[in-house]
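Note sheet for the following structure.
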Amino acid sequence: MNRAGAGRRAGVTVRAPGKVNLTLSVGPLRPDGYHELSTVFLAVGLHDVVRIAPAARLTVTVRGPGAAGVPDGDDNLAARAVRLIARAAGADPAVAVRIDKRVPVAGGMAGGSADAAAALVGCDALWGLGLSREELRLLAAELGSDVGFPLYGGAALGTGRGELLTPLGTSGSGVFHWVFAVSPQGLATPAVFREYDRLVRTRPAHGERPAAERVTAVADALDSGDAALLAAAVKDANDLQEAALSLRPELADTLRLGPEHGALAGLVSGSGPTCAFLTESAPAAAALAGALSATGR
Ligand code: C5P
């Protein structure tokens, strides 16, 4: 980042990508209330747009689908990000944050986390701080488990509670076409983890695939660029899916519809309720999106 011109900047616009978790292996509940995770994040083309501009005081405006469900006061995660980086840098957090929502709100795609990451990146650029990605990641980890990943984008392995990130060096040759079925009502992540804990307590061990095997299968598939391989690798690789379906049984119908209309794979995105479908081509994705819309999904 070039610091010299920073003082003259009128504002900064940042793309904040949504994500899907291609694997999500949940480990033990830790004393701090978080679960140990192994997860492969994949950034997708669906993104919010976050604009940060100098202002008399910190304000947040949220527009777009689901905006009414996003807090626009001090507890907005992007506002918290602005205050955090301002405190760390000794800067005045006087900026106007404008968020154009496209990523489903409370949908399991970490849109709010991506907005917060965008606010960190935007303030860093606006104020000419020149923070390294690792410095930004440490700030992001204070805001939430999923806030660090959008700083990397692409595909990355998340461990710890999800905040420790290792980019997956995929060749980048593959383009994968996803369709997202958005639910009208969000799901709260803590509720899904609680349901996961309840289900684990009430049934014998499932014999899930070890986390490392899931990660290798997905990384190889991403590298190959082969959608059919990726479809096989993401099958049954999200440990939170059963909990999300338990809280929202109607999602099972949505998931069934995907393969009936040509999807190679369907999964709950993160903690849900968004369902993500992998298709073999852009026309297949358009056909599936049309078929899902026709059923009201
Ligand atoms: O980190 P974040 O604020 O996004 O997490 C929201 C909630 O999700 C946590 O308070 C916790 O209940 C749950 N969670 C978890 N284990 C993780 C990440 C999140 O139990 N690794």
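The values are calculated or read from the model by the stated rules, or taken from the named source; none is laboratory data. If you're wondering where the values come from, they're calculated on a predicted model, not measured in any experiment. A quick note on method: Cβ atoms are made from the backbone with ideal geometry, for glycine too, and the neighbour counts reach across all protein chains shown.
Structure notes:
- Residue in region 170-188 that is within 9 Å of the ligand (Cβ to nearest atom), surrounded by fewer than 20 Cβ atoms within 10 Å (Cβ to Cβ) and closer than 28 Å to A289 by Cβ present: yes
- Looking only at region 123-155, residues that are within 13 Å of the ligand (Cβ to nearest atom) and in a loop (DSSP other than H, G, I, E, B) come to 5 in all.
- Any pair with Cβ under 7 angstrom, 6 or more apart, that starts in region 17-37 at a residue that is without any contact (Cβ under 8 Å) to a residue 40 or more places away in the chain and ends at one that is of a type in the set (D, E) and within 11 Å of the ligand (Cβ to nearest atom): P28/E36
- Where helices (runs of 4 or more DSSP H) fall entirely within region 173-258, those with at least 3 residues that are without any contact (Cβ under 8 Å) to a residue 12 or more places away in the chain are at 189-202.
- Residue within region 261-268 that is outside any loop (DSSP other than H, G, I, E, B) and more than 22 Å from R194 (Cα to Cα) present: yes
- Residues that are touching a strand residue (DSSP E or B) at 6+ places or on another chain (Cβ under 6 Å) and assigned to a loop (DSSP other than H, G, I, E, B), drawn from region 95-113: K101, R102, V103, M109, A110
- In region 112-122 there is no residue matching the filter, namely being away from the ligand (no atom under 16 Å from the Cβ) and closer than 30 Å to T295 by Cβ.
- Residue tally, condition touching a helix residue (DSSP H, G or I) at 6+ places or on another chain (Cβ under 8 Å) and among the hydroxyl-bearing types (S, T, Y), over region 212-223: 0
- Scoring L222 on the criteria (1) away from the ligand (no atom under 16 Å from the Cβ); (2) within 20 Å of G158 (Cβ to Cβ); (3) exposed (fewer than 13 other Cβ atoms within 10 Å of the Cβ) leaves a single failure, condition (3).
- Of the residues making up region 191-232, those that are among the polar types (S, T, N, Q) and at pLDDT below 95 are T202, S224.
- Residues of region 17-62 satisfying the condition of being more than 18 Å from D100 (Cα to Cα), part of a strand (DSSP E or B) and acidic (D, E): E36
Conditions tested, residue by residue: (1) in contact with a strand residue (DSSP E or B) (Cβ under 9 Å, 6 or more places away or on another chain); (2) surrounded by 14 or more Cβ atoms within 10 Å (Cβ to Cβ); (3) in the same structural domain as P150 (by TED's automatic domain parsing); (4) closer than 20 Å to V12 by Cα.
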position	(1), (2), (3), (4)
D48	yes, yes, yes, yes
I52	yes, yes, yes, yes
T59	yes, yes, yes, yes
G66	no, yes, yes, no
D72	yes, yes, yes, yes
N76	yes, yes, yes, yes
A79	yes, yes, yes, yes
A86	yes, yes, yes, yes
P93	no, yes, yes, yes
